[in-house]
Amino acid sequence: MPLTLFEHNSKSIVRDDIGQNGDFAHTFGGDPADFGLFFIDAPMPLHLIYRIDLTDPEVSLDVPGVRWLPLLYCFNYGTECCYQVSSDSEVVLLSPFNQEHNWPPWDAPESFPLAQTCFSRVPYDPRDPNDALSFKGIFGWDELNRQQLDKALILARDRCSYSEEDGPDPSWSYEDVISCMYEPPFVQGAPDNQCMNPSCDNHSCKVIAIQDHAVDSELIWPSCFVQTIWEICETCNSIIATNQCS
């Protein structure tokens with residue numbers, strides 16, 4: 001499962017198909033300078049992971065004043081970063097400000113091989129127990145009725161190792177445990193990051209993209225079992241990039 005994009009209002013999902021040319025010039029990898037992308041307050045460039053054309057009707061993301069949304073990562077700086085896309089040619093690094101001398105822990109390339117990609121819709125029904133459970137960490141499972149919720153709990157027993165004993169005290173039911181602790185597709189739980197923009201007081205960020213179990217042509221870590229996650233601040237549109245691994 002390479003790059004998956006999420007739209008929260010409509011609860012819709014699209015996924016890319018690396019190497020395929022569509023009607024829109026989405027790309028993976030490449031040198032940011034080749035796209036005329038400049039970095040402010042960043043002594044070294046960030047790594048360009050994807051460049052997404054927001055005019056694609058399949059992509060239900062919106063950043064005011066931006067057509068080309070770069071999904072970036074901070075391999076030259078640390079294990080996470082926050083940046084703001086000012087325009088199609090300018091990105092401001094908000095955090096971190098300094099390089100970590102022991103990062104990255106391997107010889108990351110200056111840029112990843114450029115490839116075309118395109119997006120298509122992934123079927124998702126928030127009232128289907130299987131779908132709701134598969135993306136519970138993104139959209140929750142509040143649209144399930146009692147009968148559907150019971151089916152989801154049966155599926156959860158087959159999919160995860162959680163039991164009633166994993167709750168913090170004996171009062172927790174199995175449903176409480178799954179409701180609070182089981183959050184696929186994330187392998188270490190849904191991220192709970194606050195906006196790192198020092199001029200923004202918002203504490204609510206939502207996941208807009210995840211790269212999971214990347215194929216070789218989209219591999220940016222030494223292992224395909226590392227998830228790369230992008231969140232956006234709902235107030236200032238700053239983007240937070242983090243990772244999890246199984």
### Query
Is there a residue in region 27-35 that is in a strand (DSSP E or B), in contact with a helix residue (DSSP H, G or I) (Cβ under 6 Å, 6 or more places away or on another chain) and not aliphatic (A, V, I, L, M)?
yes
#### Entry: Residue under evaluation GLY137, criteria (1) of a type outside the set (Asp, Glu); (2) touching a residue at least 24 places away in the same chain (Cβ under 8 Å); (3) buried (at least 16 other Cβ atoms within 10 Å of the Cβ); (4) not in a helix (DSSP H, G or I), criterion not met
(4)
## Note on the structure
Taking region 202-219 and keeping only residues that are in a loop (DSSP other than H, G, I, E, B), more than 11 Å from PRO2 (Cα to Cα) and either touching a residue at least 24 places away in the same chain (Cβ under 8 Å) or touching a Leu at 6+ places or on another chain (Cβ under 8 Å) (or both), one is left with ASN202, SER204
### Message
I'd like to verify a number: residues in region 39-78 that are farther than 25 Å from ILE18 by Cα and among the β-branched types (Val, Ile, Thr), how many?
### Response
1
### Task
State yes or no: is ASP212 modelled with pLDDT under 95 and either surrounded by 19 or more Cβ atoms within 10 Å (Cβ to Cβ) or not assigned by TED's automatic domain parsing to the domain that holds VAL14 (or both)?
yes
### Message
It is to be established whether one or more residues within region 167-182 are in a loop (DSSP other than H, G, I, E, B), touching a helix residue (DSSP H, G or I) at 6+ places or on another chain (Cβ under 8 Å), under 15 Å from TRP230 (Cα atoms) and in contact (Cβ under 8 Å) with a residue 12 or more places away in the chain.
### Response
no
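The values are calculated or read from the model by the stated rules, or taken from the named source; none is laboratory data. These numbers come from a predicted model, not from an experiment. Note that we place each Cβ from the backbone using ideal geometry, even for glycine, and neighbour counts take in every protein chain shown.
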